[in-house]
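Q: Just passing along the structure, written as structure tokens.
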């Protein structure tokens with residue numbers, strides 16, 4: 001395989017380029033730009049590292065390659081708490097999602113996690129707020145399991161039956177004896193759950209929390225990208241070599 005069409009947002013395509021420098025990576029739409037990754041320029045991370053020179057840097061994979069190149073290790077929402085636990089450090093720089101930092105801190109009470117930037121967030125998950133509105137749906141379906149993503153506000157996480165990554169939500173819906181689930185993440189997961197797990201009811205915690213960046217990817221522009229073999233995403237070799245290290249370290253630690 002010499003060509004990879006990455007049907008995701010820009011930082012995901014960058015990660016594919018980091019790990020596949022010998023392949024051509026294309027993304028169907030150059031407009032598929034993650035706002036959270038964009039709010040975390042590498043200059044912010046470098047300043048934080050200067051202020052805390054002994055603190056290892058853990059970066060959520062939802063970041064750009066230049067930032068990853070400055071990290072000790074990356075993480076996902078599913079392994080963040082585990083990665084933090086395994087680090088031999090009491091003070092850790094962690095970014096860019098403030099709410100994921102809070103979640104990981106609850107699982108690692110003996111460690112100090114410093115969010116970088118101070119208020120990084122995913123706008124889709126911030127729409128849930130403290131979850132008070134969602135609890136009206138829970139009252140209507142008291143038997144439903146409420147599954148909440150760790151990018152949501154702490155107050156909403158505390159209302160959840162389970163706080164899980166999207167992959168964790170999918171597995172929970174497969175394995176649980178519950179028949180009704182309220183899904184507290186980007187609404188697109190609900191479509192997939194309804195399609196792939198028949199016989200159960202899946203309710204979006206909010207109807208309108210779509211990720212506009214992810215929705216830039218369509219069947220039509222994917223087809224066009226295959227024809228044109230563009231837009232191309234190519235991480236420079238020097239940055240890719242440095243960014244590869246924290247990604248591989250994450251895989252070793254998970």
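The values are calculated or read from the model by the stated rules, or taken from the named source; none is laboratory data. Because the structure is predicted, anything quoted here is derived from the model rather than measured. In this analysis, Cβ positions are derived from the backbone assuming ideal geometry, glycine residues included, and neighbour counts consider all displayed protein chains.
Q: Mind checking which residues of the range 157-170 are in contact with a helix residue (DSSP H, G or I) (Cβ under 9 Å, 6 or more places away or on another chain) and outside any loop (DSSP other than H, G, I, E, B)?
A: Within the range 157-170, 157, 159, 162, 163, 166, 169, 170 qualify.
Residue-wise test of (1) in a helix (DSSP H, G or I); (2) outside the structural domain of residue 80 (by TED's automatic domain parsing); (3) surrounded by fewer than 20 Cβ atoms within 10 Å (Cβ to Cβ).
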{"position": "135", "(1), (2), (3)": "yes, yes, yes"}
{"position": "151", "(1), (2), (3)": "no, yes, no"}
{"position": "155", "(1), (2), (3)": "yes, yes, yes"}
{"position": "172", "(1), (2), (3)": "yes, yes, yes"}
{"position": "177", "(1), (2), (3)": "no, yes, yes"}
{"position": "182", "(1), (2), (3)": "no, yes, no"}
{"position": "186", "(1), (2), (3)": "no, yes, no"}
{"position": "194", "(1), (2), (3)": "yes, yes, yes"}
{"position": "202", "(1), (2), (3)": "no, yes, no"}
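Q: Here is a further query. For the range 30-39, give me each residue that is in contact with a helix residue (DSSP H, G or I) (Cβ under 6 Å, 6 or more places away or on another chain) and surrounded by 20 or more Cβ atoms within 10 Å (Cβ to Cβ).
A: If the condition is that a residue be in contact with a helix residue (DSSP H, G or I) (Cβ under 6 Å, 6 or more places away or on another chain) and surrounded by 20 or more Cβ atoms within 10 Å (Cβ to Cβ), then 32, 34, 37 are the ones that fit.
Q: If you don't mind, another one. Looking at the structure I just gave you, is residue 198 without any contact (Cβ under 8 Å) to a residue 60 or more places away in the chain and either in the same structural domain as residue 7 (by TED's automatic domain parsing) or touching a helix residue (DSSP H, G or I) at 6+ places or on another chain (Cβ under 7 Å) (or both)?
A: No.
Q: Of the residues 108, 79, which is touching a helix residue (DSSP H, G or I) at 6+ places or on another chain (Cβ under 9 Å), in contact (Cβ under 8 Å) with a residue 40 or more places away in the chain and assigned by TED's automatic domain parsing to the domain that holds residue 245?
A: Of 108, 79, the one residue that is touching a helix residue (DSSP H, G or I) at 6+ places or on another chain (Cβ under 9 Å), in contact (Cβ under 8 Å) with a residue 40 or more places away in the chain and assigned by TED's automatic domain parsing to the domain that holds residue 245 is 79.
Q: Which count do you get for residues in the range 1-24 that are in a strand (DSSP E or B) and either out of contact with any helix residue (DSSP H, G or I) (no Cβ under 7 Å at 6 or more places or on another chain) or surrounded by 23 or more Cβ atoms within 10 Å (Cβ to Cβ) (or both)?
A: Residues that pass the stated criteria total 2.
Q: I need the full set of residues from the range 40-74 which are touching a helix residue (DSSP H, G or I) at 6+ places or on another chain (Cβ under 7 Å) and assigned to a loop (DSSP other than H, G, I, E, B), in order please.
A: 40, 61, 62, 63, 64, 69, 70, 71, 72 - these are the residues of the range 40-74 that are touching a helix residue (DSSP H, G or I) at 6+ places or on another chain (Cβ under 7 Å) and assigned to a loop (DSSP other than H, G, I, E, B).
Q: Report whether or not residue 129 is part of a loop (DSSP other than H, G, I, E, B) and at negative phi. Give the derivation first.
A: Values: part of a loop (DSSP other than H, G, I, E, B): yes; at negative phi: no.
No; evaluated as a whole, the condition is false for this residue.
Q: Another one. When the residues of the range 213-254 are filtered to those that are in contact with a strand residue (DSSP E or B) (Cβ under 9 Å, 6 or more places away or on another chain), modelled with pLDDT of 95 or more and not in a helix (DSSP H, G or I), which remaining residue is surrounded by the most Cβ atoms within 10 Å (Cβ to Cβ)?
A: The extreme case among them is 235.
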